[in-house]
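Novice: Encoded as structure tokens, here's the structure I'll be asking about.
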Amino acid sequence: MTEAAPEPGNAHPARTAVRLAGYADLASSLRAARPVRAARRWGLRLPPVVGDSLLPALLLLNVVTTGAPGELPVAVALTAALALPLVWRRRAPLTVFGAVAAAAFVQWLTDVPLPADVALLVALYTAAAHSGRRGALVAGAIVEVGALLACLRWATEGAFLTPFVAMTAMVVAAAVLGVNVRTTRAYLAALEERAARLEQQQDQQARLAVAEERTRITREMHDIVTHNLSVMVALTDAAVYAQHRSPDKATTAMLRTSETGRQALTDMHRSLGVLRTGEPDAERHPLPGITQLETLADQMCAAGLPTRVEVQGSHTHIPASAQLTVYRLVQEALTNTFKHTPAGTPAMVRIRCSADTVTVDVTDSGPRPTLRGATASGHGIPGMRERSAAYGGTLEAGPLPGGGWRVSTRLLLDSGGAVSA
């Protein structure tokens, strides 16, 4: 007689029953573990002294319930002397160890063996965990001597070695465990201190980076705005002056003003675009450099400051940041010349490039009656000094013996531009 095949909906009923039984056992295990987890959480919320009081209470309860009536007072007193100091073992570990060791010696003198001798191991562990290596060695030696005396007095004849080895192993284990706990605690404290110190250093570096970036942006905005606004004001005044006498020149001046304004907006977008991720303006418009000095000179000529640029040596190997520094130095120097000299004063820009240095020299021949006061309170000269110092240079700005003004510096390319240009 053949056995009927199980239906698809009821395939393998035995396996299903076993699986359901396993789920039931797992659920019951989880329910049984809930009180344990609750008790553990409740125990973690208790103060440490409560946990330290548990062992003395158990030892006293044991001696009260199991001690002989005739020896009960002495046993209770000795147990209390051995166990009760453990309540304060975290506050004064060495003092508690000394009290427990003294009580154990009195116990040995009275010849009363007690289970409360385990308090010596607890006191030894605490002393090793809270004192130095020398303290742990001294405490371990004291307990080892006590173990030897206990085995000599209470070990049965012919069975001295076994209990002595066992007690020695317990002494060594308690001492090693305490030393390991102390080492781990010191290691974790060192890690926490190092993490706090690194976090403080990172905060300081972040604040320094923010201050440095703020200084860079301020310097860039000063150069861009001051130069271009000065040129735009001069071109606008020229256009107003020429609008009736020479409309063509007025139109040219206004077109130059519009071009200068657009250039200023482009420079601002480019300078601020590096702060934004994916800003297209920073990629479409490269940073100005030595090549753009001719354009800058044409702009100054149109504003009324005849400017000539002379570049000696190849500048293709000079980094873009160093070329930007050169451009900003020349731009600020020409702007100061434009603001503090009469119209038509010629200016000369000389750039000498070598393998390791770039020398910038900007001179003019005009009088400068108000420049000294302006440099004392303005931001132009200090900003140029900061840019030059970023490449190990020292800026020299002052009047020439035969009249005029000179701004000169030499940038060291191998200094790497420690400060952003």
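Novice: Mind counting the residues in the stretch 390-402 that are modelled with pLDDT of 85 or more, closer than 20 Å to residue 310 by Cβ and more than 44 Å from the chain's Cα centre (by Cα)?
Specialist: Final tally of qualifying residues: 1.
Novice: Scan (1) of a type in the set (Val, Ile, Thr); (2) over 29 Å from residue 321 (Cβ atoms); (3) modelled with pLDDT under 70 for the single condition residue 277 breaks and write down its number.
Specialist: (2)
Novice: Further question on the same structure: Residue check: is residue 90 in contact with a His (Cβ under 9 Å, 6 or more places away or on another chain) and not in a helix (DSSP H, G or I)?
Specialist: For residue 90, the condition - in contact with a His (Cβ under 9 Å, 6 or more places away or on another chain) and not in a helix (DSSP H, G or I) - is met.
This table checks each residue for (1) of a type in the set (D, E, K, R); (2) within 14 Å of residue 146 (Cα to Cα); (3) surrounded by fewer than 22 Cβ atoms within 10 Å (Cβ to Cβ).
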| residue | (1), (2), (3) |
| --- | --- |
| 58 | no, no, yes |
| 70 | no, no, yes |
| 83 | no, no, no |
| 91 | yes, no, yes |
| 94 | no, no, yes |
| 103 | no, yes, no |
| 113 | no, yes, yes |
| 120 | no, yes, no |
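Novice: Give just the number: which of (1) surrounded by 15 or more Cβ atoms within 10 Å (Cβ to Cβ); (2) within 57 Å of the chain's Cα centre (by Cα) does residue 108 not satisfy?
Specialist: Against the list (1) surrounded by 15 or more Cβ atoms within 10 Å (Cβ to Cβ); (2) within 57 Å of the chain's Cα centre (by Cα), residue 108 comes up short only on (2).
Novice: Something else about it: Pull up the stretch 297-338, narrow it to residues that are in a loop (DSSP other than H, G, I, E, B) and among the hydroxyl-bearing types (Ser, Thr, Tyr), then point me to the one that is farthest from the chain's Cα centre (by Cα). If you could, list the steps in order and put the result at the bottom.
Specialist: Going residue by residue through the stretch 297-338, those that are in a loop (DSSP other than H, G, I, E, B) are 304-306, 313-319.
Going one step further and asking which of them are among the hydroxyl-bearing types (Ser, Thr, Tyr), we end up with 314, 316.
Values: 314: 43, 316: 39 Å.
Selected residue: 314.
Novice: Can you name the residue in the stretch 286-335 that is over 14 Å from residue 350 (Cβ atoms) and among the acidic types (Asp, Glu) and is also surrounded by the most Cβ atoms within 10 Å (Cβ to Cβ) among such residues?
Specialist: Top of the filtered list is 332.
Novice: Looking at residue 153 and the list (1) surrounded by 14 or more Cβ atoms within 10 Å (Cβ to Cβ); (2) of a type outside the set (Val, Ile, Thr); (3) more than 30 Å from residue 304 (Cβ to Cβ), which single condition is not satisfied?
Specialist: (1)
Novice: Given (1) under 21 Å from residue 331 (Cβ atoms); (2) small (Gly, Ala, Ser); (3) without any contact (Cβ under 8 Å) to a residue 24 or more places away in the chain, where does residue 234 come up short, assuming only one miss?
Specialist: (3)
Novice: Limited to the stretch 339-362, what total is found for residues that are of a type in the set (Gly, Ala, Ser) and assigned to a strand (DSSP E or B)?
Specialist: Residues that pass the stated criteria total 1.
Novice: A follow-up question, please. Return the residues of the stretch 340-389 that are of a type in the set (A, V, I, L, M, F, W, C) and modelled with pLDDT of 85 or more; say none if nothing qualifies.
Specialist: Residues satisfying the conditions are 347, 348, 349, 351, 353, 355, 358, 360, 362, 384, 389.
Novice: Within the set of pairs 6+ apart or on separate chains, which have a first residue in the stretch 156-180 that is under 17 Å from residue 125 (Cβ atoms), a second that is modelled with pLDDT under 85 and loosely packed, with under 15 Cβ neighbours inside 10 Å, and C-beta atoms under 8 Å apart?
Specialist: Pairs that qualify, where the first residue is under 17 Å from residue 125 (Cβ atoms) and the partner is modelled with pLDDT under 85 and loosely packed, with under 15 Cβ neighbours inside 10 Å, are 179/133.
Novice: Quick check on my filter: what residues within the stretch 89-139 are of a type in the set (Phe, Trp, Tyr) and more than 21 Å from residue 62 (Cβ to Cβ)?
Specialist: At the first step, the residues of the stretch 89-139 found to be of a type in the set (Phe, Trp, Tyr) are 97, 105, 108, 125.
Those that are of a type in the set (Phe, Trp, Tyr) and more than 21 Å from residue 62 (Cβ to Cβ): 97, 105.
Novice: Among the residues of the stretch 99-121, are any without any contact (Cβ under 8 Å) to a residue 40 or more places away in the chain, in a helix (DSSP H, G or I), closer than 19 Å to residue 139 by Cα and touching a Lys or Arg at 6+ places or on another chain (Cβ under 7 Å)?
Specialist: There is no residue in the stretch 99-121 that is without any contact (Cβ under 8 Å) to a residue 40 or more places away in the chain, in a helix (DSSP H, G or I), closer than 19 Å to residue 139 by Cα and touching a Lys or Arg at 6+ places or on another chain (Cβ under 7 Å).
Novice: In the stretch 137-188, which residue that is over 45 Å from the mean Cα position of the chain (by Cα) and among the charged types (D, E, K, R) is modelled with the lowest pLDDT?
Specialist: 157
The values are calculated or read from the model by the stated rules, or taken from the named source; none is laboratory data. Here the structure is a predicted model, which is why all the values come from computation and not from measurement. Quick reminder, even Gly has a Cβ in these numbers, built from the backbone with ideal geometry, and neighbours come from all protein chains shown.
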